[in-house]
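**Student:** I am attaching a structure below and will ask some questions about it afterwards.
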Amino acid sequence: MNSTSVSEAVDRRMSVRGFLPKPVPYDIVREILDKARRAPSGGNVQPWKVNVVAGEALTKFNAIVAEKLQTMEAEPAQYEVYPPKLWEPHRSYRFKTGEDLYALINIPREDKMGRLQQLAKNFQFFGAPVGLFFSLDKKFGPPQWSDVGMYMQTVMLLAIEQGLDTCAQEAWSRYPETIKSFCDLDDDAVVFSGMAMGYRDPDHPLNRLRTDRAALDEFTTFHGFDE
Ligand SMILES: Cc1cc2nc3c(=O)[nH]c(=O)nc-3n(C[C@H](O)[C@H](O)[C@H](O)COP(=O)(O)O)c2cc1C
């Protein structure tokens, strides 16, 4: 029995953007997704749908996407990843995370092509041997999108327990049609996010990124406690 505590898993989870080319056994992926079924959802509606792509299917999928990438053409978006004008302090949080990430691989702001090339690695799941897609019916609203997020976080924490790492990827919102067609999703499906999963490449510079967080008191107010 693995002895990873919840606190350890929460602390160790990070977005990993460089993976070893080592396959993840089907049984392990299945166990993670199966255990994650205990994730909560409002009214227990369990709005999530998951598609897992690995092995030959992943090679095939990556090739389809690589061809799409050549044209730089995105498919019609099913949702906006960020509000059009992100406000403070969230804008700065996002900006700094990007700057810290590109600094680790020495890509300055002016190097637009370098940044685009790094961004494009999303569309090969950063070399991960397993790619996942999380979707839900478009009739569902914000509460159910949040439920899908809870399922995803549960998956990411359980992956840690198995010695695996992940990177959630809403970048995949760029290719909903390709994903829906490849995974044979319903017409009404919205692809919320992808996720790369695999064994971390310990030498990859991007895996040294320890992102910042706002201090607790910046976003929390306690009422009625005797401090
Ligand atoms: C729903 C969701 C979607 C994300 N999409 C992407 C993505 O498309 N590409 C990427 O590199 N990181 C993506 N991330 C990772 C975030 O950038 C990352 O969680 C954040 O910077 C905090 O860093 P950490 O995960 O290492 O703690 C996503 C995270 C979440 C929760």
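Here, each number is a calculation from the coordinates, and none is a lab measurement. None of these values were measured; they are calculated from a predicted model. Here the Cβ is made from the backbone with ideal geometry for all residues, glycine too, and neighbour counts use every protein chain on show.
**Student:** Check the stretch 80-102 and report whether any residue there is in contact with a strand residue (DSSP E or B) (Cβ under 7 Å, 6 or more places away or on another chain) and either over 27 Å from Val52 (Cβ atoms) or within 15 Å of the ligand (Cβ to nearest atom) (or both).
**Tutor:** no
**Student:** Looking at Val10, Val16 in this structure, which one is surrounded by fewer than 15 Cβ atoms within 10 Å (Cβ to Cβ) and within 16 Å of the ligand (Cβ to nearest atom)?
**Tutor:** Val10
**Student:** Further, regarding this structure: Look at the stretch 33-79 and say how many of its residues are assigned to a loop (DSSP other than H, G, I, E, B) and more than 17 Å from Thr178 (Cβ to Cβ).
**Tutor:** Number of matching residues: 7.
**Student:** Among strands (runs of 3 or more DSSP E) lying entirely in the stretch 106-214, which contain 3 or more residues that are of a type in the set (A, V, I, L, M, F, W, C)?
**Tutor:** Where strands (runs of 3 or more DSSP E) fall fully within the stretch 106-214 and carry at least 3 residues being of a type in the set (A, V, I, L, M, F, W, C), they are 130-137, 189-198.
**Student:** Under 7 Å between Cβ atoms, at least 6 apart or on separate chains: pull out the pairs that start in the stretch 139-164 with a residue that is over 12 Å from Glu31 (Cα atoms) and end on any residue that is polar (S, T, N, Q).
**Tutor:** As it stands, the answer is Asp147/Ser41; Met150/Ser41; Met152/Ser193; Met156/Thr166; Ile160/Thr4, since those pairs meet every condition given.
**Student:** Next question. For the stretch 183-213: of the residues being small (Gly, Ala, Ser) and within 12 Å of the ligand (Cβ to nearest atom), which is farthest from Cys167 (Cα to Cα)?
**Tutor:** Ser193
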